[in-house]
Amino acid sequence: MLKNLFLTLCMFLPCEMHPALAQDTVSVSLPQQLSVSSITVTGNRRTKEIIILSELTFAPGDTIRISRLLRHLERSRQNVLNTSLFNFVNIDVLYPDDSATIAFTVNVHERWYIWPMPIFEAEGRNFSDFLRRFDGTQFNYGIFVEDLNFRGRRETLSLRLITGYKNQIIFNYSKPAQNNRSGWGVSLRRQEFDQIPYTTGDDKQVFLKMRGKQLVRHHKGELNYFYRHHSYHYHRFTLMMDDYVISDSLHCINPSFLPLNAKQSRHIGVRYNYIYDNRDFKPYPLSGNYFDVNLERKGLGIVSDYMGFTDLQMSAEHHTPVAPRFFYGTKLTLRFADQKYVPYVFNIGLGYTDFLNGFEYRIVDGTRYASLHNKLLFELLSPRKKDLKFIPLRQFSKIHYAIYLKLNADAGYVYSHRVPAGNRMPNSFLFGYGVGIDFVTFYDIVLGINYSRTNFGDSGVFFHFNLGL
């Protein structure tokens, strides 16, 4: 006879879904080592089997120590979920009596991959800043067509056509690197703006608006090469070309908007990015570590006289449970440009891609900065799933969700060699803190509401969608 040991590790069941939750175990007399005889994949109607198998920490013929079996199962389940191709993943174990072999069945619940949809979206650095500046013009509308699992191989193919705040056309194809394999991608972009931030005043973006008149035209092309090894190490090499044209009006009020005080700039750049990522659940990690290095050279003096500058950014994250239902996360970011001044279009201070809680409205310009983010989470509503039987599509009829309360405490410092008049935050210590609540659900959606204060006297309620630590 065969003895079924269902060590079902489904991410979105109350007792199995999340690494913070206890695992039920069954006491069975087993050999110290087991040989993997077979792996069966079910539920993958579109996804190729190799995409799933490449995420597992074991393969047929491997030997697994029984003391590490649960660790292999949990890590493999997390890896498959972190592809963002599935809503649910179960791994079952089949152990024949009187045998030193073990077999696995991986069952996946696929997401919806093809999204032909109209676009009506808010434009802004973050949703809270959009609400602050809202005057009825910060909207984009158009159409977006995307296949997130093209050919069933986890490739991404997308086309985006929008108008409104900006006119934009983006084509993107990406074949990500599988474990110990390479991939590649290409991205082409054209966009035009009739309103654009051209300087910073009172530590906020100041906009030039000329409805119907083109202020900035931007073309960009990227060619990417990817390589991944040992599951958690990712490398990306990028060759890119940018072409900017600005209007006389914009050039008049900010001559240093583009490199070399020009009205047109074309330059080639290169970038290398390395990532180590073993977090349990990338959209909302509760345990694990993350580290990345991004080294970019903007301008090589090849197609123009602009020799550019080097931009180095490093960040590290750590997430861990600290008590039942309590979790702690911290993130340190360092960024450095090798020039005292950079053109305004390349500004790299806090508030663009990285900002502190409580500083959502602010821009802190500079060429070097450090930031530290900390949060303490309390699991208010443990992860659970729900069947929505009234929805006929299986990709949407089963959902998972969880709710967390959080305390935030962030700090930072931005160095600027020359601070424009009216800005007080560069070259000053920055500190923000507050409380909030996060709602985590399927399709990697995280909705957050924070109340935050800063050491500069700012305070308010801020809304976030899919914001990291």
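The values are calculated or read from the model by the stated rules, or taken from the named source; none is laboratory data. Note that the coordinates shown come from a computational prediction; the quantities given were computed from them, not determined experimentally. Note that each Cβ is placed from the backbone with ideal geometry, even for glycine, and that neighbours are counted across all protein chains shown.
Could you say which residue among 40, 47, 105 is of a type in the set (Ser, Thr, Tyr) and either at pLDDT below 95 or closer than 30 Å to residue 145 by Cβ (or both)? Step through it out loud before you land on a result.
Values: 40 fails: either at pLDDT below 95 or closer than 30 Å to residue 145 by Cβ (or both); 105 fails: either at pLDDT below 95 or closer than 30 Å to residue 145 by Cβ (or both).
The match here is 47.
If you go through the stretch 191-203 one residue at a time, do you hit one that is touching a Pro at 6+ places or on another chain (Cβ under 6 Å) and surrounded by 15 or more Cβ atoms within 10 Å (Cβ to Cβ)?
No; the residues of the stretch 191-203 include none that is touching a Pro at 6+ places or on another chain (Cβ under 6 Å) and surrounded by 15 or more Cβ atoms within 10 Å (Cβ to Cβ).
Could you list all residues from the stretch 78-132 that are touching a residue at least 60 places away in the same chain (Cβ under 8 Å), surrounded by 15 or more Cβ atoms within 10 Å (Cβ to Cβ) and of a type in the set (D, E, K, R)?
Residues satisfying the conditions are 92, 110, 111, 125, 129.
Specify the residue that is surrounded by the most Cβ atoms within 10 Å (Cβ to Cβ); the eligible residues are those in the stretch 216-239 that are out of contact with any Asp or Glu (no Cβ under 6 Å at 6 or more places or on another chain) and closer than 30 Å to residue 255 by Cα.
So the first thing to find is which residues in the stretch 216-239 are out of contact with any Asp or Glu (no Cβ under 6 Å at 6 or more places or on another chain), and the list is 216, 218, 221-231, 233-237, 239.
Restricting the remaining residues to those that are closer than 30 Å to residue 255 by Cα gives 216, 218, 221-222, 239.
Numbers: 216: 21, 218: 17, 221: 16, 222: 17, 239: 13.
Step by step, filter the stretch 216-239, then rank; the result is 216.
Condition (residue is of a type outside the set (Val, Ile, Thr) and under 30 Å from residue 46 (Cα atoms)) applied to the stretch 409-426: is it met by at least one residue? Lay out the reasoning, then the answer.
Going through the stretch 409-426, the residues of a type outside the set (Val, Ile, Thr) turn out to be 409-413, 415-418, 420-426.
Filter again for under 30 Å from residue 46 (Cα atoms), leaving none.
No, the stretch 409-426 contains no residue that is of a type outside the set (Val, Ile, Thr) and under 30 Å from residue 46 (Cα atoms).
How about the stretch 135-240: which strands (runs of 3 or more DSSP E) wholly inside it have at least 2 residues that are small (Gly, Ala, Ser) and at positive phi?
Filter on the stretch 135-240 gives an empty set.
Taking the stretch 165-190 on its own, how many of its residues are buried (at least 17 other Cβ atoms within 10 Å of the Cβ), touching a residue at least 40 places away in the same chain (Cβ under 8 Å) and of a type in the set (Gly, Ala, Ser)?
Residues in the stretch 165-190 being buried (at least 17 other Cβ atoms within 10 Å of the Cβ), touching a residue at least 40 places away in the same chain (Cβ under 8 Å) and of a type in the set (Gly, Ala, Ser): 4 in total.
Is it true that some residue in the stretch 339-353 is at pLDDT 95 or above and β-branched (Val, Ile, Thr)?
No, every residue in the stretch 339-353 fails to be at pLDDT 95 or above and β-branched (Val, Ile, Thr).
Going by the structure shown, is residue 34 at pLDDT below 75, more than 32 Å from the chain's Cα centre (by Cα), surrounded by 12 or more Cβ atoms within 10 Å (Cβ to Cβ) and hydrophobic (A, V, I, L, M, F, W, C)?
The answer is no for residue 34.
If you take just the strands (runs of 3 or more DSSP E) that sit entirely in the stretch 266-376, which of them hold at least 1 residues that are assigned by TED's automatic domain parsing to the domain that holds residue 411, buried (at least 16 other Cβ atoms within 10 Å of the Cβ) and acidic (Asp, Glu)?
Numbers: elements: 288-298, 309-323, 326-337.
Strands (runs of 3 or more DSSP E) meeting the threshold: 288-298, 309-323.
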